[in-house]
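Engineer: Submitted below is the structure of interest, expressed as structure tokens.
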Amino acid sequence: MTTIAIPATAAGPARAGWFTQTGQVLRRWLIVTVRQVWGPVMSLVQPIIWILLFGQVFRSLGELPQFAPSAGSGTGGYIAYLVPGILMMTVLYSGAWAGTGYIDDINSGVMDQYLSSPIRRSAIITGQLTQQLIVNVVQSLVVLGIGWLGGARYPGGVGGLLVALGVATLLATIFCCASTAIALISRNQIALISLSQLIVLPATFLSTTMMPSALLPDWVAAVARWNPMTWAVELGRGGLSGEYPDAAWLQLAGLVALAALAFTWAVRSIRAYQRSI
Amino acid sequence: MPENTTPAIVAENLVKVYRGRGRKPGVRALDGLSFTVPEGRVFGLLGPNGAGKSTTTKILTTLSRPTSGTARVAGHDVAREADAVRAAIGYVSQGSSTDPILTALENLEIAGRMRGASPSDARARAKRLLDDFGLADAAARPVSTFSGGMRRRLDVAAALVHHPRVLFLDEPTTGLDPEARAAMWAEIRRLAAQDSLTVVLTTHYMEEADRLADELLIVNRGRAVVQGSPADLKAALHGDSVRVSLIEPDPAAVRAALARVGGLRDVVVEASGVDGVLAARTDDASAAVGAVIAALDAAGIRFGQVAASHPSLDDVYLHFVGHTFDPSTGSGTGGTGAGTGGTGSGTGGAPAATEGEAA
């Protein structure tokens, strides 16, 4: 029988750099994504139904002056107004599940393996986040494609599409990191999903996802103004239509700040998890 | 075996208190545990479930921080030089260390790359380990298709990708069938043949500790009970041990009956449900067995098997802890709360009368 270890000539392998570690965490999750592709596919069913249902049921809303091209819907009517909203909703619904992988890892023991290895905590978070953002971009492209088939047009052009995708990625970062942090704190799938669902619907309806601010009751409009979902939807709508909202830069800055905060929260949560073992 | 220059592990006065969560009370899992592990050996940590073995392992692998006390692993302090410790150890926890959706080869390759191996080195090492652990044929299969024994072997392989100096195996054969357990024992012995590797084996199986460990530490209620090689520990108990299985025993009556038998030491009577056991040690087993049978008969006490033997690790445990070791409940049939880390929560299940209650 041979021995297992080559006698330790060197002092063992050098510690992998942060990018290598992140890359290997990403590699693991991309393999999982490819082998379980039904997950991301299933989370596309809902937005597709919304686009088709809402787009049909509320079609006559497009006649209202509030949906005129100046309101940011371009010339596509209600469906063109709706698509950026559905795009961001997809991000929310998909991102809500982001933390479940961590709970699986905690329950199976893989997390213990990570935490007893010289792997940076931020690499664990970043690797999986990157996978989620990649999935998110693919889902966003599908939603935009469905919207186009449904009649929406994107006069903002390729640059505008890229802006919309970038904003969706920012929103995904916020939501995935928050989901991760909550997962690491609660360590309970049901709690995580319930809480996410509890947040997603109000976040959507208390924003300009479905309705322009002018058609919302005053109090809702006031809330919507400060809702990050509104910022993301209006920026995305601006990109697709080519007409950006007045507060675009402020909204973008707000989203970037929230993304940074959420990422920090997620990394801190993994450390807090370790302290609790 | 090289003469021990620096110990692989030095643990000093480790205390771990888990704060209560909600209505769960806090637990003092480790209560001043100190021990030293010589390099290049298989070191067994033996104790019932809840004795603090896993907590000890978690502290030594840097997963968990001690409430107080210090530990050095491979020469590095677990609290202040955690990354140096992490680079030097492999850890097989009670859970799995691999992603079930990935193949065995992918899991090992990724583990190697994360530890800093180049792509070609990681691949070569992964293949070598799969060969060594008899998993080469299953290399391209997702781990979810593996049997329990194969998964466990893969977990051990994954802990070895970076040539660790200290390998922690936390209950490596729990839940395995006898065949898979024998295979795992063979792997551990193979690893133990390497002078450069120290293996810390946590177990609640007496037989496993007896067969595999060069050096053994018995822990109970978060404290070290006794340390030594299995042979030395057994040799330290002079004479033979006598065990009688009792049927529906009344411990007080059994004790009274035995009071008239001379030459018995360390007499322990335990009752658990309808079963019981009488354990004692003696210098002259042939004389004692006859006297014990006669005394029990005379008192009308029903009993089954009577056995006399050289001391086993069970007897060592009994001698030092004061009640018999029961791996199934893991808490000892003494039911005194020993081995539950002081919570008393681990003793659930069958009601158990203790020697103390009976006396």
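The values are calculated or read from the model by the stated rules, or taken from the named source; none is laboratory data. Just so it is clear, the structure is predicted and the values come from calculations on it, not from any experiment. Heads up, the Cβs are rebuilt from the backbone with ideal geometry, glycines too, and the neighbour counts pull from every protein chain shown.
Engineer: Do you know which of the residues in the stretch B:63-81 that are surrounded by fewer than 24 Cβ atoms within 10 Å (Cβ to Cβ) and either of a type in the set (Ser, Thr, Tyr) or more than 25 Å from the chain's Cα centre (by Cα) (or both) is farthest from the other protein chains (Cβ to nearest Cβ)?
Structural biologist: Step by step, filter the stretch B:63-81, then rank; the result is B:Thr70.
Engineer: Restricting to the stretch B:183-221, and then to whatever is more than 19 Å from B:Ser93 (Cα to Cα) and part of a loop (DSSP other than H, G, I, E, B), can you tell me which residue is farthest from the other protein chains (Cβ to nearest Cβ)?
Structural biologist: My answer is B:Arg221.
Engineer: Still on this structure, I have one more. Are any residues in the stretch B:13-39 surrounded by fewer than 20 Cβ atoms within 10 Å (Cβ to Cβ) and touching an Asp or Glu at 6+ places or on another chain (Cβ under 8 Å), and if so, which ones?
Structural biologist: Matches in the stretch B:13-39: B:Val15, B:Ser34, B:Pro38.
Engineer: Counting only residues that are within 12 Å of A:Thr173 (Cα to Cα) and of a type in the set (A, V, I, L, M), how many does the stretch A:136-153 have?
Structural biologist: Residues meeting the conditions: 1.
Engineer: Suppose the filter is at pLDDT below 80, within 14 Å of chain B (Cβ to nearest Cβ), surrounded by fewer than 20 Cβ atoms within 10 Å (Cβ to Cβ) and out of contact with any helix residue (DSSP H, G or I) (no Cβ under 7 Å at 6 or more places or on another chain); does A:Pro13 pass it?
Structural biologist: Yes: the conditions hold for A:Pro13.
Engineer: Something else now. What single numbered condition from (1) within 20 Å of A:Thr180 (Cα to Cα); (2) modelled with pLDDT under 80 fails to hold for A:Gly39?
Structural biologist: Failing condition for A:Gly39: (2).
Engineer: Within the stretch A:199-216, track down each residue that is farther than 15 Å from A:Gly95 by Cβ and aliphatic (A, V, I, L, M).
Structural biologist: Of everything in the stretch A:199-216, those that are farther than 15 Å from A:Gly95 by Cβ and aliphatic (A, V, I, L, M) turn out to be A:Leu206, A:Met210, A:Met211, A:Ala214, A:Leu215, A:Leu216.
Engineer: Looking only at helices (runs of 4 or more DSSP H) that lie completely in the stretch A:139-258, which have at least 1 residues being of a type in the set (D, E, K, R), in contact with a Pro (Cβ under 8 Å, 6 or more places away or on another chain) and modelled with pLDDT of 90 or more?
Structural biologist: A:228-241
Engineer: Same structure again: Scan the stretch B:87-95 and give yes if some residue there is assigned to a strand (DSSP E or B) and at the interface with chain A (Cβ under 8 Å from one of its Cβ atoms), otherwise no.
Structural biologist: yes
Engineer: So, of the residues in the stretch B:111-127 that are facing chain A (nearest Cβ under 8 Å) and farther than 11 Å from B:Ala158 by Cβ, which turns out to be farthest from the chain's Cα centre (by Cα)?
Structural biologist: Restricting to residues being facing chain A (nearest Cβ under 8 Å) and farther than 11 Å from B:Ala158 by Cβ, the top hit is B:Asp121.
Engineer: Mind telling me which of the residues A:Gln113, A:Gln131 ends up being in a helix (DSSP H, G or I) and in contact with a strand residue (DSSP E or B) (Cβ under 8 Å, 6 or more places away or on another chain)?
Structural biologist: A:Gln113
Engineer: On to the next question. What do you reckon, is A:Gly95 in contact (Cβ under 8 Å) with a residue 40 or more places away in the chain, under 22 Å from A:Ala257 (Cα atoms), within 20 Å of the chain's Cα centre (by Cα) and within 14 Å of another protein chain (Cβ to nearest Cβ)?
Structural biologist: Judged against the criteria, A:Gly95 is not a match.
Engineer: Turning to a different aspect of this structure: Would you confirm, using the coordinates I've provided, whether B:Val242 is in a strand (DSSP E or B), crowded, with 19+ Cβ neighbours inside 10 Å and either within 14 Å of chain A (Cβ to nearest Cβ) or in contact with a Gly (Cβ under 9 Å, 6 or more places away or on another chain) (or both)?
Structural biologist: For B:Val242, the condition - in a strand (DSSP E or B), crowded, with 19+ Cβ neighbours inside 10 Å and either within 14 Å of chain A (Cβ to nearest Cβ) or in contact with a Gly (Cβ under 9 Å, 6 or more places away or on another chain) (or both) - is not met.
Engineer: Could you identify the single residue in B:Arg260, B:Arg302, B:Arg265 that is among the charged types (D, E, K, R), surrounded by fewer than 20 Cβ atoms within 10 Å (Cβ to Cβ), on the phi < 0 side of the Ramachandran plot and modelled with pLDDT of 85 or more?
Structural biologist: The unique qualifying residue is B:Arg302.
Engineer: I've got another one for you. Counting only residues that are polar (S, T, N, Q) and surrounded by 24 or more Cβ atoms within 10 Å (Cβ to Cβ), which one in the stretch A:160-184 is nearest to the chain's Cα centre (by Cα)?
Structural biologist: Only one residue tops the list, namely A:Thr173.
Engineer: Scan the stretch B:97-110 and give yes if some residue there is touching a residue at least 60 places away in the same chain (Cβ under 8 Å), out of contact with any Lys or Arg (no Cβ under 8 Å at 6 or more places or on another chain), closer than 22 Å to B:Leu46 by Cβ and within 12 Å of chain A (Cβ to nearest Cβ), otherwise no.
Structural biologist: There is no residue in the stretch B:97-110 that is touching a residue at least 60 places away in the same chain (Cβ under 8 Å), out of contact with any Lys or Arg (no Cβ under 8 Å at 6 or more places or on another chain), closer than 22 Å to B:Leu46 by Cβ and within 12 Å of chain A (Cβ to nearest Cβ).
Engineer: Still on this model: Does B:Val277 count as buried (at least 16 other Cβ atoms within 10 Å of the Cβ) and either touching a Gly at 6+ places or on another chain (Cβ under 7 Å) or modelled with pLDDT of 85 or more (or both)?
Structural biologist: yes
Engineer: Could you tell me how many of the residues in the stretch B:107-129 are assigned to a helix (DSSP H, G or I) and either surrounded by fewer than 21 Cβ atoms within 10 Å (Cβ to Cβ) or not assigned by TED's automatic domain parsing to the domain that holds B:Pro164 (or both)?
Structural biologist: So the count comes out to 7.
Engineer: With respect to the numbered conditions (1) part of a loop (DSSP other than H, G, I, E, B); (2) touching a helix residue (DSSP H, G or I) at 6+ places or on another chain (Cβ under 9 Å); (3) within 14 Å of another protein chain (Cβ to nearest Cβ); (4) farther than 24 Å from B:Leu14 by Cα, which one is the sole condition not fulfilled by B:Leu176?
Structural biologist: For B:Leu176, the failing item is (3).
Engineer: In the stretch A:99-120, is there at least one residue being surrounded by 17 or more Cβ atoms within 10 Å (Cβ to Cβ) and closer than 21 Å to A:Thr204 by Cα?
Structural biologist: For the stretch A:99-120, residues surrounded by 17 or more Cβ atoms within 10 Å (Cβ to Cβ) and closer than 21 Å to A:Thr204 by Cα: present.
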